[in-house]
Amino acid sequence: MSAFNAIGEEREIDRDEFTPGVEPQPTWCPGCGDFGVLKALKQALPEVGKTPEEVLTVTGIGCSGKLNSYLDTYGFHTIHGRSLPVARAAKLANTDLEVIAAGGDGDGYGIGGNHWIHTARENHDMTYIVFNNEIFGLTKGQTSPTSPKGHKSKTQPSGSAKTPLRPLSMSLNAGASYVARTAAVNPNQAKEIIAEAIEHDGFAHVDFLTQCPTWNKDARQYVPYIDIQESDDYDHDIHDRAEAAEIMRETEDVLNEGTVLTGRYYVEEDRPSYQEEKKAVGELPDQPLAERYFDEDAEWERSYDLLDRHK
Amino acid sequence: MSDDELIWRIAGGSGDGIDSTSQNFAKALMRSGLNVFTHRHYPSRIRGGHTYVEIRAAADEVQSRGDGYNFLLSLGDSFARNPKEDAYYGNEEIKPLSENLDELREGGIIVYDEGLLDEDDVAELNLEERAEENNWHVFPIDLRSLAKEHGREVMRNTAGIGVTAALLDMDLDHIESLMSDAMSGDVLESNLEILHEAYEMTNEDYEFEHDLRVPTGEHETEQALLSGSNAIAYGAIDGGCRFIAGYPMTPWTDVFTILSQNFPDMGGVSEQVEDEIAAAALAVGASHAGAKAMSGSSGGGFALMSEPLGLAEMTETPLVLVESMRAGPSTGLPTKPEQADLEFVLYTSQGDSSRVVFAPGDIEEAYEQTRLAFDIAWEYQIPTIIIYDQKLSGENKNVDVEFFDRDPEPGLGTTLTEEELKEAAHDASGKFHRFQHEPDNDKHVSPRSLPGQKGGRFLATGNEHSPVGHIEEDPDNRVFQMERRVEKLDSIRKELDEERPSNQTYYGDETADYGIITWGSSHGAVAEAVERLNENGHSVKGITVSDMMPYPEKEMTEFLESVDEAMVVEMNATAQFRGLTQKELGRFGEKLTSLLKYNGNPFEPAEVVEGYEINIANEDRETTAQVRFEPAAGD
């Protein structure tokens, strides 16, 4: 008997279930790319058979952090940059939960960069969506880690002297086992990629290009875009690390020149997730830890039985 | 009691095996029927430096280090390496002997490793002259050769134990059986040979003129030798904790290690993560999903936990953190104790805080209050912090085994089941009222649900929020939520005062009009000083406080009203607990003096006695040790 009966429930799921009653209308600006992520999730979740109460959506701070205000699942709107450590612990405590973490480029690639690298390295079984708009939006338009070189803002008035961070290459090198980029302007691909990311067993990182019409007016709206799986000009093996690395680098190079490449970049299916690895070495129980607290037959070990070594 | 006690100090370099040797010797003394207490002194170096462990053993209860000591086993520092005269550390081989002489009592015994120490270096110490002045009995013995002859050089610790046992007229049985538990094969055989050889050689070669012998005692019940870190870890296990996340930092690492080693056999989860921000955030995430979770660190790492700690307060996520203080600021003295993080732990993180802080005073309290921390945290959905220090972390004391014979408490407090959720309040769209304005209990606690439960959907957020957790800036809602979070502390104070045994410890003469106040790990030394003062005809009462937040207003008011004067003893330079007391009670400033120590070493009872004497005699004299007396405000 499970204490968490929303998990694994077999029933018809309507995408409207993911629209909250409290604030169904997001407060994002008209034309904001963030709507694209919300829409893709609302479509993908029923498609992969997930109900609102078996999903935990963990967000950081920023416009993107409001995602779980507008997506009706269990939600944890955490603090700036810390969605990943909160999310991966929830998954370790209850391995049956579907855990999705999300945040912006400043949140994930800047202040939370350390967590991103290590969560990818460890290959935690979860989905991580980064709303990449190449700007700080909620604080009104400061340069972010993905802002192009030369980008002018109130905090970099003469134009940024910094080369932008390479999210795809970084994630691949850190150890993510699924890496993709999609864009709000490409809703079909976005939905498919999000669904694949959720179903992937391991750390699935989706760099989601979300145009900011208010604070990053100079930036392209990410149109036209090219789907590297659809285009005849590109033909890389998504299971080949070296080929993936090459096309990731090209994708990052050409973005600021106006060419928007999107699609699946790297998929490693054989690599066990961290949860599986940890179970294999005997450091993660088979039964989800959270279940044990409700299990009336559970026998709890006590320190009294550990005292021999101290006598 | 000081007439009939052994305070044995083993000194060497870091890496010389001082810790394990002393641990076994302390156990042997305990098994022989004595009460034991250990004190560990070491530098922040992996090799070399001046390290010692002191074991105090007596038939009566021992709860603190003593004043000085009476037996030195000086092994010499085998890792000392820079013989150049102008080198910063220089040749440190002699340090385990030279650095320990000042505190050796009259009539004490010195055993040093003649095989390692240079004759000229020893000569420079004027050891003979000083021995004569102090009636010390000196035994230069070539422990190194003895060990080499029957085994390996590193076994000279065992030779030292053999010599110790002979000089103290101590039976070898317990030592042998402990060695047999820890070793086997050739290693065991060599060690036993060395032990016996050293024992017999000492008896044959020397005529004993010293009076010191091992005391005799008897335990009525079975005893276990535990450190404060063990006690905290065991309190967590019995409190149902099965998730820990951490990052290494001395001295907190001990608790983290003990739980990491035990959890795999208990269905628990331990995570070593990238930094302390992550560590505390993981504990929050695991707790949110339904595990009884904890994290912890020492000061520097705890600083990184400020933000997740605030998040736990705002989202009312149950959480236990431990903070093992060491001397600051910044990296400070990494392996030395201090009680200077109190204000930091009470208030760190933005906004008005709502947290519980306990400071256990000894091994039993470390267990008891950690267990209590889990209880309170899950009942009231509030972060609860155990603040202790390098001293309590590493000191060992024997505890009655039966003390631990009780049922574990894995309950999740005010967490609802799916069945209970059906009856709970929801909004029209089916979202659960996780954060009710006026919950139906007198504790100001709104019951919680867990992700994956049917009918429990809500949003947790660090923003101010409505009953279903939605971000909400409405002033009325703000006032409801803010007051409810803060008022949980009043409910906890009420429960601690009315429904549970006090966490404060009282001792000394109840009728006294002079009080000594201390908190946390300084308890042992202060309690012993109060006992001594009363034995010597003074009238003094003492209290050791553990409840730092919510502050024990009632108990402290009663205590302070009952005395004319009170001295607050604590290991910091700015009298933090005295400040807290004045802030919380708003009066008594004219009664409160301070005795402060912050040189990296814990108080000895005699220093507290001296502080009292200076205060009482209103003497205008300096304290003898590195201890500062600070008069009351306005004096």
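The values are calculated or read from the model by the stated rules, or taken from the named source; none is laboratory data. Since this is a predicted model, take the numbers as computed values, not measurements. Every residue, glycine as well, gets a Cβ built from its backbone with ideal geometry; the counts of neighbours run over all protein chains shown.
If you check A:ALA93 against the conditions, is it within 18 Å of A:ALA195 (Cα to Cα), surrounded by 24 or more Cβ atoms within 10 Å (Cβ to Cβ) and either touching a strand residue (DSSP E or B) at 6+ places or on another chain (Cβ under 7 Å) or aliphatic (A, V, I, L, M) (or both)?
no
Take the residues in segment A:1-27 that are buried (at least 16 other Cβ atoms within 10 Å of the Cβ) and assigned to a helix (DSSP H, G or I), then tell me which one is farthest from the other protein chains (Cβ to nearest Cβ).
Once the filter is applied, the top-ranked residue is A:PHE18.
Residue-by-condition table, conditions (1) without any contact (Cβ under 8 Å) to a residue 60 or more places away in the chain; (2) surrounded by 16 or more Cβ atoms within 10 Å (Cβ to Cβ); (3) small (Gly, Ala, Ser):
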{"site": "A:GLY258", "(1), (2), (3)": "yes, no, yes"}
{"site": "A:ASP270", "(1), (2), (3)": "yes, no, no"}
{"site": "A:LEU284", "(1), (2), (3)": "no, yes, no"}
{"site": "A:LEU307", "(1), (2), (3)": "yes, yes, no"}
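Could you please find all residues in segment B:575-591 being exposed (fewer than 15 other Cβ atoms within 10 Å of the Cβ) and in a loop (DSSP other than H, G, I, E, B)?
B:GLY586, B:ARG587
With (1) at the interface with chain A (Cβ under 8 Å from one of its Cβ atoms); (2) farther than 30 Å from A:THR19 by Cβ; (3) surrounded by fewer than 18 Cβ atoms within 10 Å (Cβ to Cβ) as the list, and B:GLU402 as the residue in question, which single condition is left unmet?
Only one criterion is unmet by B:GLU402, namely (1).
Can you say whether B:ALA529 is under 15 Å from B:PRO605 (Cα atoms) and touching a residue at least 60 places away in the same chain (Cβ under 8 Å), as far as the supplied structure shows?
When the stated conditions are applied, B:ALA529 passes them.
Return the residues of segment A:28-59 that are assigned to a loop (DSSP other than H, G, I, E, B), free of Cβ contacts under 8 Å to residues at least 40 places away in the same chain and either closer than 26 Å to B:HIS465 by Cα or acidic (Asp, Glu) (or both); say none if nothing qualifies.
If the condition is that a residue be assigned to a loop (DSSP other than H, G, I, E, B), free of Cβ contacts under 8 Å to residues at least 40 places away in the same chain and either closer than 26 Å to B:HIS465 by Cα or acidic (Asp, Glu) (or both), then A:TRP28 is the only one that fits.
Just to be sure I understand, how many residues within segment B:41-62 are surrounded by fewer than 21 Cβ atoms within 10 Å (Cβ to Cβ), more than 21 Å from B:LEU172 (Cα to Cα) and modelled with pLDDT of 90 or more?
So the answer is 2.
Pull out all pairs, ordered by first then second residue, where Cβ-Cβ is under 9 Å, the residues are six or more apart or on different chains, the first lies in segment A:82-107 and is away from chain B (no Cβ under 12 Å), and the second is among the polar types (S, T, N, Q) and surrounded by fewer than 24 Cβ atoms within 10 Å (Cβ to Cβ).
If the second residue must be among the polar types (S, T, N, Q) and surrounded by fewer than 24 Cβ atoms within 10 Å (Cβ to Cβ), the pairs left are A:GLY106/A:THR139; A:GLY106/A:GLN142.
Just the residues that are of a type in the set (A, V, I, L, M) and without any contact (Cβ under 8 Å) to a residue 60 or more places away in the chain, please, taken from segment B:250-283.
B:ILE258, B:LEU259, B:MET266, B:VAL269, B:VAL273, B:ILE277, B:ALA278, B:ALA279, B:ALA280, B:ALA281, B:LEU282, B:ALA283
Of everything in segment B:452-478 that's of a type in the set (Lys, Arg) and more than 13 Å from B:ARG434 (Cα to Cα), which residue is surrounded by the fewest Cβ atoms within 10 Å (Cβ to Cβ)?
Among those residues, the one meeting the criterion is B:ARG478.
Could you tell me which of the residues A:ASP227, A:ASP232 is more than 26 Å from A:THR57 (Cβ to Cβ) and either buried (at least 20 other Cβ atoms within 10 Å of the Cβ) or touching a residue at least 24 places away in the same chain (Cβ under 8 Å) (or both)?
Going through A:ASP227, A:ASP232 in turn, the sole match is A:ASP227.
Since A:PRO30 meets every condition but one in (1) more than 14 Å from every other protein chain (Cβ to nearest Cβ); (2) surrounded by 22 or more Cβ atoms within 10 Å (Cβ to Cβ), which condition does it not meet?
(2)
Among the residues of segment B:188-202, what is the count of those that are polar (S, T, N, Q) and surrounded by fewer than 18 Cβ atoms within 10 Å (Cβ to Cβ)?
Looking only at that region, the number is 0.
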